[in-house]
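Notes follow once the structure below has been shown.
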Amino acid sequence: MEKKPENRGMIDTWIDKHRSIYSAATRHAFVVSIRDGSVDLSSFRTWLGQDYLFVRGFVPFVASVLIRACKDSGESSDMEVVLGGLASLNDEIEWFKREGSKWDVDFSTVVPQNANQEYRRFLDALMSSEVKYAVIMTAFWAIEAVYQESFAHCLEDGNKTPVGLTGACHRWGNDGFKQYCSSVKNIAERCLENASGEVLVEAEDVLVRVLEHEVAFWEMSRGGQ
Ligand SMILES: Cc1ncc(CN)c(N)n1
């Protein structure tokens, strides 16, 4: 079994180990193009439509995380953290609808592309009661953290993010969302500390698979169809 260095959680250890896919997910060319202002707006519109569908599919996943937090965690504060995330998805869906009108993207005609469908299938599989709580929380953290890191990068000093896109960047790049991701990470780390070797292997695998799905999602967006 992998040995964890002093004072570092498993997640940080795994991020170091899988640094190249982590960077590919959090510093993807699509995100960098938002930050440097060179973004192709048809790609942004593709991302907007596809992510709207993704988020609608993410709601039942987060609802299932919430049920697991109530039933399996043994810590009452887990439920509050996940409930906060679920509640903010309500605002997020409303935000998408406003952005859809602004960018003239008619969500009723958007068809989920392959990367979106595959990501959705992956989330569906994670909703099985067979999947351990530590594994689900690791996946949940990674899904949220990729967006937090990516969009926060578009707001860092020196950015040339187009004004019309800063709303998206603030949605996931704000300090409140960063704090929320850190709370989810703490839950995942606490669970991983007590996990068996088998669960650790599964959680590491799921972390890498989330990163791969995120990269594929950015790639799909960059395709801009
Ligand atoms: C593809 C994707 N990954 C993550 C998030 C953040 N909930 C999102 N909206 N879309």
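Just so you know, all these numbers are worked out from the coordinates, no wet-lab data involved. No experiment lies behind these values; they were computed from the predicted model shown. As a convention, Cβ positions derive from the backbone with ideal geometry for all residues, glycine included, and neighbour counts pool all protein chains shown.
Observations, loosely collected:
- Between MET127 and ASP157, the contour length at 0.36 nm per residue exceeds the alpha carbon distance by 6.9 nm.
- Between VAL59 and GLN117, the modelled label-to-label distance comes to 2.2 nm, taking each label 7 Å out from Cα in the direction of the beta carbon.
- In the chain, helical runs assigned H by DSSP with n ≥ 4 each contribute -39500 (n - 2.57); averaged across all residues and rounded to the nearest 500, the mean residue ellipticity at 222 nm is -25500 deg cm²/dmol.
- Between GLU94 and ASN174, the simple label model (points 7 Å from Cα in the Cβ direction) yields a spacing of 1.2 nm.
- The label-point distance for ASP205 and SER23, in a model that sets each label 7 Å from Cα toward Cβ, rounds to 2.7 nm.
- Using a 4.7 Å Cβ-Cβ cutoff, the cysteines of the chain lacking any partner cysteine are CYS70, CYS181, CYS191.
- Proximal aspartates and glutamates to LYS97, defined as alpha-carbon separation beneath 13 angstrom and excluding residues fewer than eight positions away on the same chain: ASP51, ASP106
- Neighbour-limited loop hits for trypsin sites (Lys or Arg not before Pro), segment 144-178 (at most 11 other Cβ within 10 Å; DSSP other than H, G, I, E, B): LYS160
- Dipole magnitude (debye, nearest 20) for segment 5-68, charges at Cβ of Lys, Arg, Asp, Glu: 140
- Peptides 74-80, 31-37 ordered by average Cβ neighbours within 10 Å, highest first: 31-37, 74-80
- Spatially close lysines, pair count over segment 101-225: Cα under 25 Å, gap of eight or more or interchain: 4
- Full-stretch length increase - SER38, PHE107 - with 0.36 nm per residue and alpha-carbon distance subtracted: 22.4 nm
- Summed side-chain charge close to SER129 - residues other than SER129 whose Cβ falls under 11 Å, Lys, Arg +1, Asp, Glu -1: +1
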